[in-house]
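See structure below.
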Amino acid sequence: MLNKLAASELVLNEDGSVYHLNLLPEEIAGKIILVGDPDRVPKVSKYFDTIEIKKNKREFYTHTGTLRGERITVMSSGIGAENIDIVMNELDALVNIDLKNKEFKSEHTALQIFRLGTCGSVNPDVEVDNMLVTQNVVGLDGLLHFYSDYQFENEFSKNFLEKFPYEKIKPMLYFADWAEDISDYYKDAKYHGNTATFPGFYAPQGRQLRLKAIDDQFLETLNDLGVTNFEMETSAIYGLSKLLGHKALTVNCVIANRRRGEFSADHHASEKNMIEWVLDRIIK
């Protein structure tokens, strides 16, 4: 059969679970919360009414349970788009591939994926300790260029590409946007904006220790191009969701405003507020 996958392509553990996430199909829900930090997983699942699954492998921790009668999963991805590449492909395999026979299923299942994270803002008007929902995203990590079928263009991307001044970075850029048909979950967020996903924490985000960044004005330039905030995962989540047919939304708690030199006085309280805010909206 043409759709049968080789063992080297779909790698499974001895118990038949997907290789990195260490999960079986019945161990995830249709709504999945993605966090970066494994320590954030129990901070979310403590609000569940029941927890039926607790599994982990490497940085990928998963809790699945119920909240107000609905099944829900929270999972850690670790840091960066390269980890999201693993998470998104293996989540999709759990619902759209027959793992036993290594064949594509005839009926597609679309997951709802909710990224909860923290971010910095490049817009001086954005106040810390508030939620910001990503509508458009530009990826500076290059990940989606490795997938043959990815194409995306809208007004944000066209304007950004036209004015982006860093020619050696430009070939890495790709764009995506939110799943508009589920965006009403977050319609009352204080901020909706455009996110830049960076491939690193230091020079890509304008930080300089012993190594000099490409431009002291890099973050200011991105703000001039319409970017509101930055982090390290959303472009991969949104782009791969489009390719794989899933629906994704990112909300970040703004814990730093780099333009104003501000940092949250209590980012743990902001994190707790964000978790409660999201759960109240995606599970009624």
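Within the range 189-210, can you find the residues that are in contact (Cβ under 8 Å) with a residue 60 or more places away in the chain and either hydroxyl-bearing (Ser, Thr, Tyr) or more than 20 Å from Glu220 (Cβ to Cβ) (or both)?
Ala189, Lys190, Tyr191, His192, Thr195, Thr197
Pick from the range 238-254 the residues that are buried (at least 20 other Cβ atoms within 10 Å of the Cβ) and in contact with a Ser or Thr (Cβ under 7 Å, 6 or more places away or on another chain): which of them is farthest from Val87 (Cα to Cα)?
Of everything passing the filter in the range 238-254, Val254 is farthest from Val87 (Cα to Cα).
Hey, Val227 hits all of (1) farther than 18 Å from Ala81 by Cα; (2) open to solvent by 30 Å² or more (accessible area, probe 1.4 Å) but one; which does it fall short on?
The failed condition is (2).
Any idea which of Ala236, Ala265 is outside any helix (DSSP H, G or I) and either farther than 26 Å from Tyr150 by Cα or touching a residue at least 60 places away in the same chain (Cβ under 8 Å) (or both)?
Criteria check complete, one pass: Ala265.
Hey, Glu52 hits all of (1) touching a residue at least 12 places away in the same chain (Cβ under 8 Å); (2) open to solvent by 60 Å² or more (accessible area, probe 1.4 Å); (3) under 21 Å from Gly117 (Cβ atoms); (4) not β-branched (Val, Ile, Thr) but one; which does it fall short on?
Condition not satisfied by Glu52: (3).
Can you go through Asn96, Asn101 and tell me which one is in contact (Cβ under 8 Å) with a residue 60 or more places away in the chain, of a type in the set (S, T, N, Q) and either open to solvent by 30 Å² or more (accessible area, probe 1.4 Å) or under 20 Å from Glu233 (Cβ atoms) (or both)?
Asn101
When only residues in the range 33-47 that are within 20 Å of the chain's Cα centre (by Cα) and open to solvent by 40 Å² or more (accessible area, probe 1.4 Å) count, which is nearest to Gly65 (Cα to Cα)?
Pro42
Have a look at Gly65, Gly30 and point out the one that is among the small types (Gly, Ala, Ser), in contact with a strand residue (DSSP E or B) (Cβ under 7 Å, 6 or more places away or on another chain), open to solvent by 20 Å² or more (accessible area, probe 1.4 Å) and modelled with pLDDT of 95 or more.
After applying the criteria, what remains is Gly30.
Can you tell me how many residues in the range 104-128 are under 26 Å from Ile72 (Cα atoms) and of a type in the set (Asp, Glu)?
1
Kindly indicate whether Leu209 is more than 19 Å from Gly36 (Cβ to Cβ) and either touching a Lys or Arg at 6+ places or on another chain (Cβ under 8 Å) or not in a loop (DSSP other than H, G, I, E, B) (or both).
Criteria not met by Leu209.
Which of (1) surrounded by fewer than 17 Cβ atoms within 10 Å (Cβ to Cβ); (2) in a helix (DSSP H, G or I) does Phe160 not meet, given it meets every other one?
Result: Phe160 fails condition (1) only.
Anything in the range 214-233 that is in a loop (DSSP other than H, G, I, E, B) and modelled with pLDDT under 95? List them, or say none. Full working, then the answer.
Within the range 214-233, the first condition is being in a loop (DSSP other than H, G, I, E, B), and the residues that meet it are 214-217, 225-228, 232-233.
Within the range 214-233, Ile214, Asp215, Asp216, Gln217 meet the criteria.
The values are calculated or read from the model by the stated rules, or taken from the named source; none is laboratory data. These figures come from a predicted structure and were not determined experimentally. Every residue, glycine among them, receives a Cβ derived from its backbone with ideal geometry; neighbour counts consider all protein chains shown. Just the protein is used for accessible areas: all its heavy atoms, side chains included, with ligands, DNA and RNA removed. Shrake-Rupley method; radii C 1.70, N 1.55, O 1.52, S 1.80 Å.
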